[in-house]
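The values are calculated or read from the model by the stated rules, or taken from the named source; none is laboratory data. If you're wondering where the values come from, they're calculated on a predicted model, not measured in any experiment. Reconstructed Cβ throughout: ideal geometry from the backbone, glycine too, with neighbour counts over all protein chains shown. Heads up: the accessible areas ignore ligands, DNA and RNA and are worked out on the full protein's heavy atoms, side chains in. Shrake-Rupley method; radii C 1.70, N 1.55, O 1.52, S 1.80 Å.
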Amino acid sequence: MDHHPDLNPDLIIQFQQGDPQAFTSFFHLHYRPLCYFATQLVGSLPDAEDIVKDTFVKLWQKHTDFPTPQNIKAFLYITTRNACLNFLRHIQVKESSRKELIYLEEEKGQELVLNQMIRAELMQEIYGEIEKLPEKRREVFKLAYLEGFKNDEIATQMKISIHTVKEHKGKALQFLRLRFSDKQIILFIMLCSQAVEMMDKTS
């Protein structure tokens with residue numbers, strides 16, 4: 001999971017030299033899985049997004065310090081995790097927050113963080129494959145599974161038939177099954193549903 005074959009090998013050099021486009025490439029690669037990762041720890045999507053954005057600011061400030069993309073990814077996850085723990089410390093007025101913090105700092109908590117990292121990595125890999133889908137199919141898949149729209153809503157929005165929507169969804173899932181197991185795809189869809197529910201609650 002540490003290798004990203006689609007990345008330009010020169011990207012890390014450009015990043016070290018302070019190229020904003022190189023920074024944007026790493027941002028697009030890691031932002032969404034990091035937000036998911038942070039949300040699982042702090043329980044709030046808006047707070048998670050703020051934490052992750054601050055992490056990317058810190059990354060940019062240290063852009064000369066990273067020899068490989070793997071170093072960048074490790075920095076992002078470690079910095080985000082630490083920022084989440086700091087966030088929980090600041091809101092530990094309630095006993096429940098304190099219990100959650102203690103849990104995260106104990107060994108079982110470390111295992112939880114690792115599990116969330118693995119899930120975030122899976123989401124990142126599947127997102128990468130989704131971007132390879134044909135444009136219409138990609139749009140249908142995102143509306144259905146990432147944004148929670150129903151078939152008839154997608155059909156109306158895209159001005160296509162419900163049959164075409166179903167066909168695009170089926171072929172997109174068929175494409176993903178070439179690389180991922182059904183269990184991984186189901187987990188991905190469940191995680192996306194949770195994210196949609198969380199966004200609905202905060203909107």
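Peptides 76-89, 163-176 ranked from most to least packed, by the mean per-residue count of other Cβ atoms within 10 Å: 76-89, 163-176.
Taking all protein chains together and rolling a 1.4 Å probe, ASP182 ends up with roughly 80 Å² accessible. Taking a threshold of 25 Å on the Cα-Cα distance, which of the pairs LYS53/LYS142; LYS58/LYS136; LYS53/LYS136; LYS53/LYS159; LYS53/LYS169; LYS132/LYS166 fall above it? Beyond 25 Å between Cα atoms: LYS58/LYS136; LYS53/LYS136; LYS53/LYS159; LYS53/LYS169.
Normalising by residue count, region 32-73 has a Cα convex hull of 64 Å³ per residue.
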